[in-house]
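Since the structure comes first, as structure tokens, the remarks are kept for the end.
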Amino acid sequence: MSGLCEGRVVIVTGAGRGIGRAHALAFARAGAKVVVNDLGVSLQGESSAESPAEQVVREISEAGGEAVANGADVADFAQAGELVKTAIDRFGGLDAVVNNAGFVRDRMFVSTSEEEWDAVVRVHLKGHFAVANNACAWWRERSKAGEPVDARIINTSSGAGLQGSVGQSAYSAAKAGIAALTLVQAAELGRYGITANAIAPSARTRMTEEVFEDMMRKPESGFDAMAPENVSPLVVWLGSAESRDVTGRVFEIAGGKLSLADGWREGPVLDKGARYEPDELGAIVHDLLAKSVAPQKVYGT
């Protein structure tokens, strides 16, 4: 195998199935050495006797690539450190982290329990923090020692995080946090040779097939726009040396449709130059709303 990521070492979390599996296989085809991380749990976060990470490693090995399986819990900070250490010890370094692991526990907001909220935010948001933080500590150490660093963080947000999704308050909040985290990482880490970008993919996975059943149905013929494999080429490019001048961006990708999320930005402004009185704000707020671009609809509305 040879290609765009020849010789680079990449960690892909949640890589046993779905989009993560597609990422791992695509990186291997592009010449990368891959750490295939997967806790091996069900969609609800329950333990499983299966070893999907080992299955992906076998696929990569049989195709002539190099990979190693890892079963770390990405939201456990110590285990995330061991995951990073696995890449360094096994392959001699680390060039990219693809944060993909996650699961859903969908509920309407008023029905969401504290346990469900904590579980979703933990695996998505803390999982992104823990793996990347451990990787960045190693990269920063290399940079301060005068070694060249050309590293990548690729996070996974969601359309739910960018515009909200009915019945997914915890998931939407975590994915919105990931988008904001990406912007801060890009601003802080560039000095060490590290870029940070995020994707908001639309694809058929265990997390989406029940929520959007009609949309996710495989077509009888033609291009399967919801195939997980459609997302991975962008992730491979973002993980390559070619992408070093791209950072702090959130890409939406669905099938063959690729776009940049515009994000929150300042809209119409009125500056009185003094403190407002409550009874004058109604007219002012409605004037600002009339001059602003209407927000995108929340998914499910």
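The values are calculated or read from the model by the stated rules, or taken from the named source; none is laboratory data. Quantities reported herein were computed from a predicted structural model and do not represent experimental measurements. Here the Cβ positions follow ideal geometry from the backbone for every residue, glycine too, while neighbour counts run over all protein chains shown.
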Quiz item: Filter segment 203-239 for residues that are small (Gly, Ala, Ser) and modelled with pLDDT under 90; which is nearest to Trp264 (Cα to Cα)?
Solution: Ala203
Self-check item: For Arg122: the one exception among (1) farther than 25 Å from Arg21 by Cα; (2) surrounded by 17 or more Cβ atoms within 10 Å (Cβ to Cβ); (3) not small (Gly, Ala, Ser)
Solution: (1)
Quiz item: For segment 240-255, which residues satisfy the criterion of being part of a loop (DSSP other than H, G, I, E, B), of a type outside the set (A, V, I, L, M, F, W, C) and modelled with pLDDT of 95 or more?
Solution: Ser240, Arg244, Asp245, Thr247, Gly248, Arg249
Quiz item: Just one of Val97, Val104 is in contact with a strand residue (DSSP E or B) (Cβ under 6 Å, 6 or more places away or on another chain) and outside any helix (DSSP H, G or I); which is it?
Solution: Val97
Exercise. Would you point out which residue out of Ala87, Ala101, Ala30 is surrounded by fewer than 24 Cβ atoms within 10 Å (Cβ to Cβ) and aliphatic (A, V, I, L, M)?
Key: Ala30
Quiz prompt | Residues (surrounded by fewer than 20 Cβ atoms within 10 Å (Cβ to Cβ), under 23 Å from Met226 (Cα atoms) and either out of contact with any helix residue (DSSP H, G or I) (no Cβ under 6 Å at 6 or more places or on another chain) or basic (Lys, Arg) (or both)) located in segment 164-203 | solution = Val166, Gly167
Quiz prompt | Matching residues in segment 75-84 - criterion: being surrounded by fewer than 18 Cβ atoms within 10 Å (Cβ to Cβ) and in a helix (DSSP H, G or I) | solution = Phe77, Ala78, Glu82
Practice problem: Report, by residue number, each residue of segment 138-161 that is within 20 Å of Glu252 (Cα to Cα) and either in contact with a Gly (Cβ under 8 Å, 6 or more places away or on another chain) or not in a helix (DSSP H, G or I) (or both). | Solution: Arg152, Ile153, Ile154, Asn155, Thr156, Ser157, Ser158, Gly161
Exercise. Find the residue count for segment 236-287, including only residues that are touching a residue at least 24 places away in the same chain (Cβ under 8 Å), farther than 30 Å from Ala24 by Cβ and of a type in the set (D, E, K, R).
Key: 0
Quiz item: Does any residue of segment 285-293 turn out to be surrounded by 10 or more Cβ atoms within 10 Å (Cβ to Cβ) and in contact with a helix residue (DSSP H, G or I) (Cβ under 6 Å, 6 or more places away or on another chain)?
Solution: no
Quiz item: Do we find a residue being among the β-branched types (Val, Ile, Thr), more than 19 Å from Leu39 (Cα to Cα) and in contact (Cβ under 8 Å) with a residue 24 or more places away in the chain anywhere in segment 128-138?
Solution: no
Practice problem: Would you point out which residue out of Gly273, Gly267, Gly263 is at positive phi and surrounded by 10 or more Cβ atoms within 10 Å (Cβ to Cβ)? | Solution: Gly263
Quiz item: When you look at Glu6, is it surrounded by fewer than 24 Cβ atoms within 10 Å (Cβ to Cβ), in contact with a strand residue (DSSP E or B) (Cβ under 9 Å, 6 or more places away or on another chain), at pLDDT 95 or above and of a type outside the set (A, V, I, L, M), yes or no?
Solution: no
Quiz item: Based on what the data block shows, is Ile88 closer than 23 Å to Val35 by Cα and assigned to a strand (DSSP E or B)?
Solution: no
Self-check item: segment 56-79 residues that are farther than 30 Å from Val121 by Cβ, paired with ones that are assigned to a helix (DSSP H, G or I) and charged (D, E, K, R) (beta carbon under 8 Å, 6 or more apart)
Solution: Ala63/Arg29; Gly65/Arg29
Quiz item: Does Ala135 qualify as being crowded, with 18+ Cβ neighbours inside 10 Å and either part of a helix (DSSP H, G or I) or modelled with pLDDT of 95 or more (or both)?
Solution: yes
Quiz item: In this structure, is Ala69 in contact with a strand residue (DSSP E or B) (Cβ under 6 Å, 6 or more places away or on another chain), modelled with pLDDT of 95 or more and either part of a loop (DSSP other than H, G, I, E, B) or farther than 20 Å from Ala241 by Cα (or both)?
Solution: yes
